[in-house]
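Have a look at the structure below before the remarks.
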Amino acid sequence: MATDLQTAVPHLTTVLTGPLQTLETKLLENQVSIEQWFRSHWRETPAPFYCSVDLRNSGFKLAPVDTNLFPAGFNNLNPAFRPLCVQAVQSAIERACPQARDVVVVPENHTRNMFYFESLAVLTEILTLAGLNVRIGSLMPD
């Protein structure tokens, strides 16, 4: 089982070397204990169903700068990991609401960013592949 899990886990990639490559190596070497730590903490305080964090890379450090509750960034996911994305959605839905069959995605109200629309399309595809009926909603009264 460990071999299957190891082959399914994405590896960080960067054009930079040095400190980030060292960090990646440390993360991969300690992957099991890191995952165990996350699992133990998520049992105490479950993570929200969806949340994304914007990271800034200054070349020598990586820092979280913003947390978002509206869906974004799915267009940046590596298509090779799509099966893992589908599996993650299925697992999260099973935990949060096992009887769920329909999902309404509520995007942010005002955007002209074409990449955001591409992201919504990718998210819709992932949710659909996970076996859900997906509709895009709105908080706008009109």
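Laboratory data are not the source of any read-out in this text; all were calculated from the coordinates shown. Source: prediction; values computed, not measured. Here the Cβ is made from the backbone with ideal geometry for all residues, glycine too, and neighbour counts use every protein chain on show.
Dipole of the range 71-142, Cα-centred, from +1 at each Lys and Arg C-beta and -1 at each Asp and Glu C-beta, to the nearest 20 debye? Each step should come with its number before you reach the end.
Details: 5 positive and 6 negative charges, 26 e Å.
Value, rounded to 20: 120 debye.
How much net charge surrounds Phe70 when only other residues with a Cβ under 14 Å from its Cβ are counted (Lys, Arg +1; Asp, Glu -1)?
Working: positive: none; negative: Asp54, Asp66, Glu108.
Charge balance near Phe70 sits at -3.
For the Cα atoms of the chain, what angle does the longest principal axis make with the long axis of helix 114-129, in degrees from 0 to 90, nearest 10?
The answer is roughly 90 degrees.
Nearest-5 percent of antiparallel DSSP beta bridges in the chain?
Values: 6 of 10 bridges.
Antiparallel: roughly 60 percent of the beta bridges in the chain.
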